[in-house]
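The values are calculated or read from the model by the stated rules, or taken from the named source; none is laboratory data. All figures in this text were calculated on a predicted structure; none of them were measured in a lab. Methodologically, a virtual Cβ is constructed for each residue, glycine included, from the backbone with ideal geometry; neighbour enumeration extends over all protein chains shown.
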Amino acid sequence: MTTKRLVQALATGIALLATTTSANEFGIYGRAHLSVDQLDNGNDSGLNISSNASRFGIRGSHQVQDNLKVLLQIESLIRLDEGSGDWASRNSFLGLQGDFGLVRAGFFDTPLKNVRSRTDLFGDQVGDARNIVRGGGVDLDRRFRNGLHYQTPAMQNITLDLHYSSNDRTGSTTDNKDDAYSGSVTFDNKELMVMLAYERRNRLDNPALSGIRAGASYRLTEQWRLTAFWQQSESFSGGDRSAYGVGAAYRINDAYSVKGQLYHAGSADADDSGATMVSLGVDRRFGRNLTLYGAAAMTNNQQNASFNVSAGGGHGKSLTIEPSQDPWALSVGVIYNFSANFGL
């Protein structure tokens, strides 16, 4: 979609949303995330400008009655580096929220994907955990098409999420043989967060794809945050594979923090097909909306592995890696979050 068409679609969506939320709330929000990266694929190196999951969204809510609210969100990917975008290509849904919990329908992250996003200290940067946990033929960090999701109210800090797709492809279906489901249980008391999730994607005339994830984030003190992640995947093109990672972040003061994480993917059906990635970074925050950062990452591939250091989904520039090559990256970036809410 061209930038002109995207702007026209955004304007139409805003007008429609303003009409449907005439007595309630409407807002726009987004993130501009750009970085300058030196990327090396193990043989050659080059300077790149990258837009990393930059986005623009509109959201609204309508209070139908005391215990019932209608929610709408439309979120689009924006490529600030190349002047393009994709309408409603990110989390977009219509939902109902009340004492019963939350019900949504649309296109949005699965519970299993959320395990990684809540434990990854380098999301959308070089060194993103998806370089390992989504590499080697594994493709678990997804949004379901035609998705229906239910989240329970929190009970003793525990929440259940159930997510079903009637057809994880475009178009209609008459047999639901390409359906998918994902579910998780989460404990979160603000200091400690623990998640366990399972996902299965059925495929017509092909083995089903499945994965299990567990993740944890622990705020040890006001300064220290520790993370851990584990994954087991089955029937993907790279074969059955396990992966795990650990991370730590230290807040020096209100402005500066440092962080690091290590992720490892085990060998799959082929021998010597695993990899290890190390990521290091420093963040400089200017309030809640603006962050400047520096990051460095390197992946050590075994003889038959070609895991990346700048791919995985969030970072905008992906290298092509030959087996046994060890890619690395140096990056400086800026993240600007913005929002504006209106009572209508």
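Evaluate the following for V115: is it in contact (Cβ under 8 Å) with a residue 12 or more places away in the chain and crowded, with 24+ Cβ neighbours inside 10 Å?
Spelling it out, V115 is indeed in contact (Cβ under 8 Å) with a residue 12 or more places away in the chain and crowded, with 24+ Cβ neighbours inside 10 Å.
Being of a type in the set (F, W, Y) and in contact with a Gly (Cβ under 7 Å, 6 or more places away or on another chain) narrows it down to one of Y263, Y244, Y250, so name that one.
Y263
How about the stretch 178-192: which of its residues are part of a loop (DSSP other than H, G, I, E, B) and either touching a helix residue (DSSP H, G or I) at 6+ places or on another chain (Cβ under 8 Å) or on the phi < 0 side of the Ramachandran plot (or both)?
D178, D179, N189, E191, listed by residue number.
Hey, any hits in the stretch 186-195 for a residue that's among the hydrophobic types (A, V, I, L, M, F, W, C) and free of Cβ contacts under 8 Å to residues at least 24 places away in the same chain?
Yes, because at least one residue in the stretch 186-195 is among the hydrophobic types (A, V, I, L, M, F, W, C) and free of Cβ contacts under 8 Å to residues at least 24 places away in the same chain.
Run S242 past the list (1) buried (at least 20 other Cβ atoms within 10 Å of the Cβ); (2) small (G, A, S); (3) over 18 Å from the mean Cα position of the chain (by Cα) and report the number of the one that doesn't hold.
(1)
Out of the stretch 108-137, which residues are among the acidic types (D, E) and on the phi > 0 side of the Ramachandran plot?
Of everything in the stretch 108-137, just one residue is among the acidic types (D, E) and on the phi > 0 side of the Ramachandran plot, namely D124.
Filter the stretch 166-198 down to the residues that are at pLDDT 95 or above, surrounded by 14 or more Cβ atoms within 10 Å (Cβ to Cβ) and among the polar types (S, T, N, Q) and list them by number.
S182, S184, T186
For the stretch 221-243, indicate whether the set of residues that are within 21 Å of V334 (Cβ to Cβ), of a type outside the set (D, E, K, R) and in a loop (DSSP other than H, G, I, E, B) is non-empty.
No, the stretch 221-243 contains no residue that is within 21 Å of V334 (Cβ to Cβ), of a type outside the set (D, E, K, R) and in a loop (DSSP other than H, G, I, E, B).
Report, by residue number, each residue of the stretch 17-39 that is in contact with a strand residue (DSSP E or B) (Cβ under 9 Å, 6 or more places away or on another chain), modelled with pLDDT under 95 and not aromatic (F, W, Y).
Result: L17, A18, T20, T21, S22, A23, N24, E25.
Being of a type in the set (S, T, Y) and within 14 Å of G127 (Cα to Cα) is the filter here, so list the residues in the stretch 255-287 that pass it.
Result: Y263, T276, S279.
What about D283, is it acidic (D, E) and more than 17 Å from G135 (Cβ to Cβ)?
For D283, the condition - acidic (D, E) and more than 17 Å from G135 (Cβ to Cβ) - is met.
Can you tell me which condition G274 does not meet? The list is (1) within 17 Å of R116 (Cβ to Cβ); (2) at pLDDT below 95, and all the others hold.
(1)
Across the stretch 118-161, which residue is modelled with the lowest pLDDT among those that are surrounded by fewer than 24 Cβ atoms within 10 Å (Cβ to Cβ), touching a helix residue (DSSP H, G or I) at 6+ places or on another chain (Cβ under 7 Å) and not acidic (D, E)?
R142
Could you please let me know if G46 is modelled with pLDDT of 95 or more, farther than 30 Å from M155 by Cα and more than 22 Å from the chain's Cα centre (by Cα)?
Against the criterion (modelled with pLDDT of 95 or more, farther than 30 Å from M155 by Cα and more than 22 Å from the chain's Cα centre (by Cα)), G46 qualifies.
Scan R116, R142 and give me the residue that is of a type in the set (D, E, K, R) and touching a Gly at 6+ places or on another chain (Cβ under 8 Å).
Every option except R116 fails the conditions.
Would you mention how many residues in the stretch 222-236 are surrounded by fewer than 18 Cβ atoms within 10 Å (Cβ to Cβ), farther than 12 Å from S210 by Cα and of a type in the set (S, T, N, Q)?
Final tally of qualifying residues: 1.
Is it the case that some residue within the stretch 46-67 is under 23 Å from S310 (Cβ atoms), in contact (Cβ under 8 Å) with a residue 24 or more places away in the chain, out of contact with any Asp or Glu (no Cβ under 6 Å at 6 or more places or on another chain) and surrounded by fewer than 16 Cβ atoms within 10 Å (Cβ to Cβ)?
Checked against the condition, which is being under 23 Å from S310 (Cβ atoms), in contact (Cβ under 8 Å) with a residue 24 or more places away in the chain, out of contact with any Asp or Glu (no Cβ under 6 Å at 6 or more places or on another chain) and surrounded by fewer than 16 Cβ atoms within 10 Å (Cβ to Cβ), the stretch 46-67 yields no hits at all.
State yes or no: is S210 of a type in the set (S, T, Y), buried (at least 16 other Cβ atoms within 10 Å of the Cβ) and under 19 Å from L102 (Cα atoms)?
No.
Which members of the stretch 184-209 meet the condition of being of a type in the set (S, T, N, Q) and more than 19 Å from T110 (Cβ to Cβ)?
The answer is N189, N206.
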